[in-house]
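Structure first, commentary second.
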Amino acid sequence: MEFSMPVRPQRLPRLFHHCLLRPGDVPPSQDDLKVVGAFNPGAVETPEEVVLLVRVAEAAREQRAGYVALPRWDRGANRVVLDWFTEDEVEFEDARVVIVKSTGRKRLTSVSHFAVCRSRDGRTLDAVGPIRFLPASESEEYGVEDARITPLEGRFYFTYVAVSRHGVATALASTGDFKTFERHGILFPPENKDVVLFPETIGGRYMALHRPNPAQHFSPPEMWLASSPDLLHWGGHRPFFGSTGDWDRGRVGAGTPPIRTSAGWLEIYHGNDRRPNDTGIGTYSAGALLLNLDDPSRIRAALSEMLVPEADYEREGFVPNVVFPTGVVTRGSSLLVYYGAADECCAVAEWRLPDLLSRLLETSQTPEAGRFGSASST
Ligand code: MAN
């Protein structure tokens, strides 16, 4: 299946955007760690407020000349410990990842957990912590990352990336109150991330978008669709959506959990423009998809580059030029999108939902989108 979709360079301006949280706003979880990132927040509306599960990345507080500290959660100690390597023993892939030369294996320069944060108006934070969701199993040794929250049947379910010496997998947990949590284990084995759950069953089955990361590059990473009878066992896998232009030629992955709108499921996804031999990480931007309500494999419309790094906190940071949407909430006609900026901060941007839907539906009337529509239904 080939994916093609027109590039729509004219952007819907954001009505509001704001940097919600910076690393310095979050206290570290241990005295020997410092917070280097507070980003990629899962978000959900409860009757009282918007609750965010913010990814808090921590690294060693101490610096030793000539050494690199690599953190990991240790099962015996039930805390994060530091492995010190000489600079010669590791090779930096980028600011986030090193390769340990003796084993050829990757390690992260930081280890992540989630902090529960709260916002009554959805635009500013009222509380940061104190509840945290910390690594707690062997599959979470190098951290838990990028929660995506979906309300389902009276509970809040969240998928998250579980990183360990076994690879980068996606796990599921749930909560009723964001105070205590239940873990449901790994849903998608390595390498798979960017998993979002639909908030309803469709045809009696739970639905998810996921993103396998193939080791053999017959394709760049692309979004897949899967279904499940019980949220734990997934099948019916099929490729669903891939690159549509230069801005997302490197990779495409789900961003926010889909939400029901009058025009279809709205999914805000990310794309990366890195080419295979480019140095650096490239730019991460976001686009939007509108999916048929009864059959989400049928794509009604797509909008490229809805959100691109523009603000200082999106263009500069731990990883420059990154916007990475992970949560969405509607309030009246407002659409509030929560996202990580430059792998360092949490931000929120607002659009009018009717304006976004009109823009999406305009694109579906183009001949190119028509061709795509028929391709997607095969
Ligand atoms: C990539 C980035 C990192 C993340 C690792 C493991 O390298 O998304 O932020 O820590 O994958 O998931």
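The values are calculated or read from the model by the stated rules, or taken from the named source; none is laboratory data. In this text, all values refer to a predicted model and were calculated from it rather than measured experimentally. Note: ideal-geometry Cβ built from the backbone for every residue, glycine included; neighbour counts use all protein chains shown. These accessible areas exclude ligands, DNA and RNA; they are computed on the full protein's heavy atoms, side chains included. Shrake-Rupley method; radii C 1.70, N 1.55, O 1.52, S 1.80 Å.
Panel values: the stretch 91-169, Kirkwood radius from alpha carbon pairs, Stokes-Einstein at 37 °C and 0.692 mPa s, translational diffusion coefficient 224 µm²/s. In order along the stretch 191-206, phi translates into HN-Hα couplings of 9, 8, 8, 6, 9, 10, 9, 6, x, 9, 6, 10, x, x, 10, 5 Hz, rounded to whole numbers, per the Karplus curve 6.51 cos²θ - 1.76 cosθ + 1.60 with θ = phi - 60° and x for Gly and Pro. Take the Cβ atoms of Thr103 and Glu153, set R0 to 35 Å, and the FRET efficiency comes out at 0.20. Applied to the stretch 39-55, the Karplus parametrisation 6.51 cos²θ - 1.76 cosθ + 1.60 on θ = phi - 60° returns per-residue 3J(HN,Hα) values of 8, 6, x, x, 9, 8, 8, 10, x, 9, 6, 9, 9, 10, 10, 8, 6 Hz, with x for Gly and Pro.
Normalised by the number of residues in the stretch 151-229, the average gap of Cα pairs under 8 Å and 6 or more apart makes the relative contact order 21 percent.
Inter-label distance, Gln63 to Thr180: 4.3 nm, where each label sits 7 Å from its Cα along the C-beta direction.
So how much slack lies between Thr201 and Arg238, counting 0.36 nm per residue of separation and subtracting their Cα-Cα distance, in nm? Working shown, then result.
Numbers: separation 37, 0.36 × 37 = 13.32 nm, distance 1.76 nm.
Answer, rounded to one decimal: 11.6 nm.
Could you state the angle between the C-alpha long axis of helix 353-364 and the longest principal axis of the C-alpha atoms of the chain, as a value from 0 to 90 degrees rounded to the nearest 10? Helix 353-364 sits at roughly 70 degrees to that axis. Structural descriptor for the stretch 139-191: relative contact order 29 percent, calculated from alpha carbon pairs under 8 angstrom and at least 6 residues apart.
On the chain, 48 percent of the accessible area sits on carbon and sulfur atoms, based on a 1.4 Å probe. Taking amide H atoms as placed 1.01 Å from N in the peptide plane, the amide H of Phe241 lies under 5 Å from those of Met223, each 5 or more residues away in sequence or on another chain. Using only alpha carbons, the stretch 192-233 has a radius of gyration to Kirkwood radius ratio (Rg to Rh) of 1.06. Starting from the Cα of Ala127, step 7 Å toward the Cβ, then list every residue of the stretch 48-81 with an amide N under 12 Å from that point. What the label zone holds, given the 12 Å backbone N cut-off, is 48-52.
Rounded to the nearest 10 degrees, the angle from helix 367-376 to the longest Cα principal axis of the chain is 70 degrees. If you sort Glu45, Glu305, Glu91 by accessible surface, 1.4 Å probe, largest first, the order is Glu91, Glu45, Glu305.
Taking every C-alpha pair closer than 8 Å and separated by at least 6 residues, the mean separation divided by the residue count of the chain gives a relative contact order of 17 percent. Protein heavy-atom accessible surface, 1.4 Å probe, per residue over the stretch 140-193: 36 Å².
Going by accessible area, probe 1.4 Å, with all protein chains left in place, what is the ranking of Phe241, Phe318, largest first?
Values: Phe241 0, Phe318 70 Å².
My answer, sorted largest first, is Phe318, Phe241.
The 3J(HN,Hα) values that the Karplus relation (6.51, -1.76, 1.60; θ = phi - 60°) gives for the stretch 153-165 are, in residue order, 6, x, 10, 9, 9, 9, 8, 7, 7, 10, 10, 7, 5 Hz. Gly and Pro appear as x. Taking 21 Å as the straight-line reach from the Cα of Lys34, none of the lysines fall in range once those fewer than 8 positions away in the same chain are excluded. Over the chain, DSSP H runs of length four or greater, each weighted -39,500 (n - 2.57), average out per residue to a 222 nm ellipticity of -2000 deg cm²/dmol.
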